[in-house]
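The values are calculated or read from the model by the stated rules, or taken from the named source; none is laboratory data. Because the structure is predicted, anything quoted here is derived from the model rather than measured. Heads up, the Cβs are rebuilt from the backbone with ideal geometry, glycines too, and the neighbour counts pull from every protein chain shown. Note: accessible area is taken over every heavy atom of the protein model, side chains too, but ligands, DNA and RNA are not part of it. Shrake-Rupley method; radii C 1.70, N 1.55, O 1.52, S 1.80 Å.
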Amino acid sequence: MTTKGPVRIAPADGKLGVLLPGIGAVSTTFIAGVEAVKRGLGAPIGSLTQLATVRLGKRTEGRTPLIKDFVPLAKLEDLEFGGWDIYEDSAYEAALNAAVLDRRLLEQVREPLEKLHPMDAVFDQDYVRNIRGPNLKEARTKMDKAAMLMDDIREFQKRTGVARTVMVWCGSTEVFHRPSAVHETLKAFEAGLASNDPEIAPSQIYAYAALKMNIPYANGAPNLTTDTPALLELARGTNLPICGKDFKTGQTFIKTLIAPGLKARMLGMSGWFSTNILGNRVGEVLEDPGSFKSKEETKLSVLDQILQPELHPQLYSDVFHSVKINYYPPRGDSKEGWDNIDIFGWLGYPMQIKINFLCRDSILAAPLVLDLVLFMDLAHRAGMRGIQEWLSFYFKAPMHAPNIYPEHDIFIQLMKLKNTLRWMRGEDLITHLGLEYYD
C-alpha cells in the first residue's frame, strides 16, 4: 500500500458472499432489511454506504456525491447470505423469534429468509454459558473444527457462485479473556488449535478459518478475536483487512456524541452512571458475569479515551463511571438505557444531564453490518491489509496499532472514514482549515 492516492481498486464484479456467525436478532434484521430495501419495502436508514454523502474539494465547488456513487461498492442485489448458529431455525423462524421486525414485513421477504438454514456452529459452553442449542459441530480438535468451517465456506461459495466473501461476527458475547501465550504467534496459535488449548475461543476459530480462506473479518462483539498478535500476523500475511470490536449501537453511541461536546467546551465531569434493560438473547447471555465483563470492558473504555484525564486532570481525573446491564425479558429487543451525567462548569458549579434512550438494538446494528460488509469488501479490493482503523466509527472498542491509543470521538472517526475514501479516489483530504476562503 502507498500513502498517496488514488488507490487501484479492483471492480466489484460478481456476487459478494456475506457469512455471519450467529443467525439471531442482528443478523436476521440485517438480512431481512436488505431484502426489504431491494423490494422497495423500506429505506436503508442508518447506513452511510447507502444514504450518506461525502464533500469533495472546496465548499464553493458544490461536489457532494453519495458515498455509494463515489467509491465502487458492491450492490445490494449482489449480496448472498449464509451463516452458522447453535439453533436449527431458518432465518425466517429466527426473525420471528427475535420479534424485531413486524410480521407483515417478514411475510413479504419470507422466501429468501426461509432458504437460509444455519450451518452447524462451533460452540463452547465455557465461553457462552447461558444459552444452549443442538446445532453443533463435533470434532476431535479445534483445528478439525476450523477445517470443518473452511469446508462450509467452500460449499457456500460453490453453491452461491460468489466471487468474493466477507465474514462479520454477529454471535454472542464470549466470557472475558486476556491474551495468553497461545495468542502470541501464528505458530503457537495453530499448535493450540491442534492441542485443544482452552484459551482459544470459538470466535477465534471462525476468524482463523476466514483468514485462511482469504476472507476479510469484522468482529461485532467484544470478544478477544483478531486483536491478538497471532491473528494480526495471519491477516497481514494473507493481505486481508480486519476490524472490530463490538458494534457501537445504543448507549455507547450516545456517549461518543455527548462526551466530545463536553470536552470541547472544557466542562468538567464528576460521574457518568449508565444502566440498561433488555430482553433479547444478548441480555440473556450478558446475565453471565463472564460475558458481561467482556461487554463492560468495551463500554468503560470509551470515556477515558475521549476525556483524556491525564491531559486534563482538573476536569476529568476523578470521574466515577459505572455501567449496568439487566436482563428483562418483557422488553425483548427494545432496549432502554438511562444515563445520569454529573458535570461542573464555571467556578466548579455543578450541573446534570439525564438521558433516557428507548432504542432498538438490532435496528441500530443492522445498518452497521451492511456498511462493514461493503467497506471491508472495498478495502480488500483496494489491497488494504491488517487493522482498518478508518472503520473505528462502527465500534465501541476500535482496533488500533499497539503504539497508539484508539480514537473514540465519533466526529473524528467520521472525518477519518471520509478522508480515507477521499484518499482512495485521489481527492484532496478535508482539513476544515478554511483559510483559503479569506485570502
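Against the 2.2 N^0.38 Å scaling, with N counting residues, where does region 12-131 land? I'd like the Cα-based Rg ratio to two decimal places. Intermediate results must be reported in sequence, preceding the final value.
Details: Rg = 17.6 Å, N = 120, 2.2 N^0.38 = 13.6 Å.
Working it through for region 12-131, the quotient is 1.30.
In Å², and per residue, what accessible area does the chain have when probed at 1.4 Å with the other protein chains present?
44
Determine how large the accessible area of Asp409 is when every protein chain is in place; take a 1.4 Å probe and give Å² rounded to the nearest 10.
30
Tell me, how many Å apart are the Cα centres for region 107-172 and for region 265-332?
The two parts, judged by their Cα centres, are 31 Å apart.
Just by accessible area at a 1.4 angstrom probe, what is the order of Asp152, Asp304, Asp377 from largest to smallest?
Asp304, Asp152, Asp377
Suppose a student asked you for the relative contact order of region 120-230, using Cα pairs under 8 Å spaced at least 6 residues apart; what percent would you report?
36
Considering only protein heavy atoms and a probe of 1.4 Å, how much of the accessible area of the chain is carbon and sulfur, as a whole percent?
53
Where the centroid of each part is defined by its Cα atoms, how far is region 1-74 from region 370-384 in Å?
9
Have a look at the DSSP beta bridges in region 1-126 and tell me what percent are antiparallel, nearest 5.
Details: 2 of 10 bridges.
Once the DSSP bridges in region 1-126 are tallied, antiparallel ones form about 20 percent.
For the chain, modelled as a Gaussian network with Cα springs under 10 Å, which listed residue fluctuates most, Asn403, Asn326, Asn223?
Asn403
With both partners inside the chain, how many of the DSSP beta bridges are antiparallel, as a percent to the nearest 5? Don't jump to the answer; show the numbers that get you there.
Working: 21 of 50 bridges.
Restricted to the chain, the bridges split so that about 40 percent are antiparallel.
Charges only on Cβ, +1 for Lys and Arg, -1 for Asp and Glu: so what's the dipole of the chain about the Cα centre, in debye to the nearest 20?
1000
Given a cut-off of under 8 Å on Cα pairs at least six residues apart, what relative contact order in percent is computed for the chain? It would help to have the intermediate numbers written out before the result.
Values: 880 pairs, mean separation 91.7, N = 439.
Relative CO of the chain lands at 21 percent.
Could you put Asp371, Asp89 in order of accessible surface area, largest first, with the 1.4 Å probe and the full protein assembly present?
Per-residue accessible area, sorted high to low, gives Asp89, Asp371.
Taking mean projected area of the Cα convex hull in nm² straight from the coordinates, which label in (i) 22.2; (ii) 23.4; (iii) 20.6 is the correct one?
(i)
For a quick check of your reading of the filter: which trypsin sites (Lys or Arg not before Pro) in region 44-99 sit in a DSSP loop and have no more than 13 other Cβ atoms within 10 Å? Please list the in-between numbers first.
On the way: sites: Arg55, Lys58, Arg59, Arg63, Lys68, Lys75; in loops: Arg55, Lys58, Lys75.
Listed in order of number, the matching sites are Lys58, Lys75.
On a 1.4 Å probe surface of the protein chains, which of Leu311, Leu374 comes out largest in accessible area, and what is the full order?
Listed by decreasing accessible area, they come as Leu311, Leu374.
Please find, in a Gaussian network model of the chain (springs between Cα atoms separated by less than 10 Å), the residue of Lys115, Lys418, Lys145 whose mean-square fluctuation is greatest.
So, out of Lys115, Lys418, Lys145, the one fluctuating most is Lys115.
Cα-Cα pairs above 21 Å in region 259-346: how many percent?
39
Report the GluC sites (Glu not before Pro) located in region 284-378 that are in a DSSP loop and have at most 10 other Cβ atoms inside 10 Å of their Cβ, or state none.
Glu310
Could you run the Karplus curve 6.51 cos²θ - 1.76 cosθ + 1.60 with θ = phi - 60° over region 229-246 and give me ³J(HN,Hα) per residue in whole Hz, x for Gly and Pro?
Working through the residues one at a time gives x, 4, 7, 5, 4, 5, 4, 5, x, 9, 6, 10, x, 9, 7, x, 9, 6 Hz.
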